[in-house]
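Please treat every number below as a calculation from the coordinates, not as lab data. Keep in mind that this is a model prediction, so the values were computed, not measured. For neighbour counting, all protein chains shown are included, and Cβ atoms are generated from backbone atoms with ideal geometry for every residue, glycine included.
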Amino acid sequence: MVDTNWCLSLFYERDHFMRITAEAKVATRERIVKAAAKLFRKNGWESTTTRGIAAAAGIATGTLFNYFESKEAIVAALIAEALERAEQEIRNRDESLEEELFTFIWTELASLRAYRKFLADAAESILSPLRRYARESAGDSIRANHLEAVEQILISRGVPGPLPAVTMQLYWTLYLGVFAHWATDDSANQEDTLALLDQSLKLFITSLPRPGDQHHEDESE
Amino acid sequence: MKTNLNDLFAGLPEEYSSPDVLDSDDARERLQAIFADLALKPVPVGSLKRLWTLGELSTQVTLAYIALWMRGWFADAETKQRSEMDTNLRVALKMIHGLGYLRGAATKLGQAFGSLPEILPEQVLSTLDSLHAQAPPMHFSLLREMVRNELGRDPSEIFADFDKQPFAAASIGQVHRATLKSGEDVAVKIQYPGIARAMEADLRNLMALILPMRLTRNWENVKGSCLAVQDMLRQEVDYIREAENMRQARALFGPEDGILVPRVYDEYSTAKVLTSEFLPGPGLKEFLAANPDQSLRDEFGRKMLVAWYRLFYSDHSHSDPHSGNYVFLRDGRLGILDFGCVQHLTASEREVLDRGEAIFDRKITLEELLRVFGIPESDIANPEYLAASRRHNEWLAVPLWNEGPFDFGEEGFFRKGVESLQEAMSKRVTAPPMYLYLLRSIFGWRALGFRLRCRVDQNTIRRTELARRRNRLSH
């Protein structure tokens, strides 16, 4: 006869053990990101190495690669977090499309504010459209995730989909411009970027296909 | 100037460049003429273009612009042409309105035009009125960031209530109604981001370019005017200075005057956010729509003029008296808003003005006045120049040479003012730089008096306020 209690305890312990491992993993990951952000800020993007990051996080360099394949990937993680916050921010809001896009982008940038200094350099190697095709890059996922979120916003606001590739490319070009400006903006509270973002979005929105653009036959009624 | 114009055309949103409007060569030419007039000289550097137009629009060119249009209307009274002209103006205004930082200037332009009713075709006026009322495109999310940046917290945390919809367009921002946690109703004016810095940078470039030049015979005068414009623009983007202007102005009026300048709430004000007491009551348009009787119109007209003289004789001339800056309170008091454009007269300017004012008491001749103003003898000897100066000066002086109430609502009188100004400009009549804003101020309030159709004893008001000033100085 098998002791049911014994079986159960075995199961719970395993679960407990796995949970600890998962928590430890999250904690290590967080430690790496934190250590990296600190080093980037202190030593700049170029001079910071994965070896240095691993040492600062108190782990072996090899272990670091279990979490992130490169320092670009660490920055991508930071940006992904900011993107998540931005998506959270616009949930359940009743705003115009322009306002929603504004809130989305500005929330993302505001959550990255502490990293502005090194993001300018990091973006050069991660987000630059010229480097994108040179090699597999962490920038690809940043771009894809960001554009997916934007596409969702647009479609939920009645912009007829599927959105033309050129529309999304225009968005990305403007976004990168705003991002680059923000990263090096020396005006108080990046106020100049606020103005640039506002005007860039106005420009982008005028370029959007309007509902009915593809339904000319309806107009003949 | 052509390049500038083409740039502007290129920047036109589609709806404004509909073929029936801009494909007309005539319309294009006329528009070109306007923009040619907006610039004294072509400015080669791209980044300067914006400011050049901005500075010009908000000062004497506002008047030049009016004159240009007036000339068109009076010279060719044909209906077809009139409608073409007003289409052009509409296009020009909307175009400028759509141009980012120029929005502020466009609003100002609209306000200047909005003070000239009946002379302008109806269609134009409605465009202008929408410039008054239409909120500039700063949505709440952007505005919230500005408030957060300036006051440290969200509007919803700072105020008990904050209206997300603006109720007025300010020259470089917009105004929202709110309620303080302590219960007071306030008006919160918020500046569009980045404009102060952009303006400052442009000003620096512009002045570095202009000041060493000597384009005209009367260069010192032009230079002085440029500096006056510079100072005024700086003042307009700095709400701390505006708050100070308001405090000074508020202290000049007591309960017996029935004139009210809103109180400033310093704890909710910065260089880019200005929170002041909200004055409930209709603006000019609404006030007139209720068909107020003559005595009420006269009384408000009188208060406007008392306020104008009181400020002028305190050396804080209100340079922007357009209809949007007055509130006609139901209890009969006159509220004065917006002190972003106040001309602080220096002692030497005051001295020139004091001497010049003797012409209103008929104690000096026109020639003597021109000499006080430093006009070259060669101009004074020129009969055409002298005649143009005389007509303009007479228009300024007639209400003061009159005993008793003067009817500012008389169309012929007002029209004469516009014509004399046109003529003076065409004859290149000049005056000291301080006169730039002073004239704008005088013209502004006379346009209001005309619109209000009020009868006011300017002569008595001037004497009373002058005596008050002497009294103040002797203490």
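Just a few scattered comments:
- Residue A:199/residue A:85 FRET efficiency (R0 22 Å; Cβ-Cβ; nearest 0.05): 0.35
- Charge dipole of segment B:385-475 (Cα centre as origin; +1 on each Lys and Arg Cβ, -1 on each Asp and Glu Cβ, all else neutral): 360 debye, rounded to the nearest 20.
- Shielding by partners, peptide A:195-206 (average Cβ within 10 angstrom, other chains): 3
- Among B:438-450, B:280-292, sorting by the average number of other beta carbon atoms lying within 10 angstrom of each residue, highest first, gives B:438-450, B:280-292.
- Order of B:167, A:102 - criterion: other Cβ atoms within 10 Å of each residue's Cβ, fewest first: B:167, A:102
- Distance (nanometres) between label positions extended 7 Å along Cα→Cβ at residue A:29 and residue A:43: 2.5 nm
- Working from label points 7 Å from Cα in the Cα-to-Cβ sense, the residue B:365 to residue B:200 distance is 5.1 nm.
- Order of B:192, A:171 under a 10 Å beta carbon neighbour criterion, fewest first: A:171, B:192
- Its residue count N fixes a reference of 2.2 N^0.38 Å for segment A:19-98, and the Cα radius of gyration divided by that reference is 1.34.
- Furthest towards positive pole of dipole, A:66, A:37, A:50, structure part segment A:31-70, Cβ charges: A:37
- Ranked for footprinting exposure by Cβ neighbours inside 10 Å, fewest first, B:372, A:75 give B:372, A:75.
- Residue mean of other protein chain beta carbons inside 10 Å, B:181-194: 2
- Per residue of A:182-189, other chain Cβ atoms within 10 Å of the residue Cβ number 3 on average.
- Size descriptor, Kirkwood hydrodynamic radius, that averages inverse alpha-carbon separations across segment B:280-475, Å: 17.6 Å
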